[in-house]
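Note sheet for the following structure.
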Amino acid sequence: MQLGRTTLSKFVIEQLRSMPDQNDLGALLIDVAAAVKTISAMVAKGALGGYLGALDSTNVQGEVQKKLDVLTNEAMLHHCEWGGQLAGLASEEMDEPWPIPDNYPRGRYLLVFDPLDGFSNSDINVSVGTIFSVLMRSTAGDAEMGDFLRPGNEQVAAGYAIYGPSTMMVLTMGRGTYGFTLDRESGNFILTHPDIRIPEDTREYAINTSNERFWEPPIQRYVAECKAGKTGVRGADFNMRWIASLVAEVHRILLRGGIFMYPKDSREPGKAGRLRLMYEANPMGMLIEQAGGAASTGRNRILDVAPEDLHQRVPVILGSKNEVERVERYYKEHEAGTDRPFVSPLFSDRNLFSNEPRT
Ligand code: MN
Ligand code: MN
């Protein structure tokens, strides 16, 4: 047992000393950490917990909810609703925001969360997570919809927990991104990854290539160039990763760099993407930016997207700064028509890269 290490509570309290207008945030984040410990214990039981397998109910996005989704959602609600810091909560798993029960005091913060991200992975013992975002209204009281529909650049804190071989919580309060590992013996989250910095360059990309034929041309171009490796315009070989768990992808990128893409595609033209702006893209975008990375829709900074709906989806391209900026440049070139020499390699027998501008 190492004494004197920085716990999550100590870290949060010390950071908040210089943020006097956020004095209730510490108690809220400590409640979130308590919920995360509960969820970690549930998830760790695996098949022995009796939580796996599908129920009949479906969530807002039309996905079948599993027992673990329902239980983890309740863990977040009930660990966080009581303390008097919140004006309301909203979850990926509920159609409408969750009001603070009558018997508890109201505060200024709003907690928005995805209680079990990557939940289809829980049946196969692959990492899952909890993602959360904290917004604020100017006064204490009951939150209305307009209080939730704020852009990600107004988040006062964001984070996730990852339930892998170890449980970690990764947090930002707008002054860097910090990682804490759960010491299961003491029950404390210990600061193990101070001031995480994402390498600006990477040779590792993550995207679900089974959707390739539906991607927009800038994404097809970017991935084709990665796949061409040393023989292509990039002049370097790339690796691909795909865990199908946003938390696990972002965690890998925070710790060793990389680019993750879930772009808009043409399968369902009405949908802007797959990931949720409020519960997934905004908190991850803040964590990534605070670690020196970038988070984009391809056309705009994610944190500047003005939400219109609690459950809206958004294209997500995040990770190492120089690669995300390259994808943004490909979108600009596509819109300007200057990428026309690029033709999807699926349909071209010409040398794909012969007319590429060199950079
Ligand atoms: Mn999710
Ligand atoms: Mn979820």
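Here the condition is being more than 16 Å from ligand 2 (Cβ to nearest atom) and among the charged types (D, E, K, R); of D123, D183, D117, it holds for D183 alone. For L171, the criteria (1) over 23 Å from R313 (Cβ atoms); (2) free of Cβ contacts under 8 Å to residues at least 12 places away in the same chain hold in every case but one, which is (2). Going through L77, L86 one at a time, which residue ends up being modelled with pLDDT of 95 or more, over 21 Å from the mean Cα position of the chain (by Cα) and either away from ligand 1 (no atom under 14 Å from the Cβ) or closer than 17 Å to G129 by Cβ (or both)? Within the list L77, L86, the selection yields L86. In the stretch 93-116, the residues that are within 13 Å of H78 (Cβ to Cβ) reach residues that are open to solvent by 30 Å² or more (accessible area, probe 1.4 Å) with C-beta atoms within less than 7 angstrom, at least six apart or across chains, in these pairs: I100/R106; I100/D142; Y104/W82.
Just one of the numbered conditions (1) at pLDDT 95 or above; (2) within 17 Å of I131 (Cβ to Cβ); (3) exposed (fewer than 14 other Cβ atoms within 10 Å of the Cβ); (4) not charged (D, E, K, R) is not true of L28: (3).
The values are calculated or read from the model by the stated rules, or taken from the named source; none is laboratory data. Treat the numbers as computed from the prediction; the structure is a model and nothing was measured. When we count neighbours, we look across all protein chains shown, and the Cβ atoms used for this are built from the backbone with ideal geometry, even at glycine. Keep in mind that these areas ignore ligands, DNA and RNA; they rest on the heavy atoms of the full protein, side chains included. Shrake-Rupley method; radii C 1.70, N 1.55, O 1.52, S 1.80 Å.
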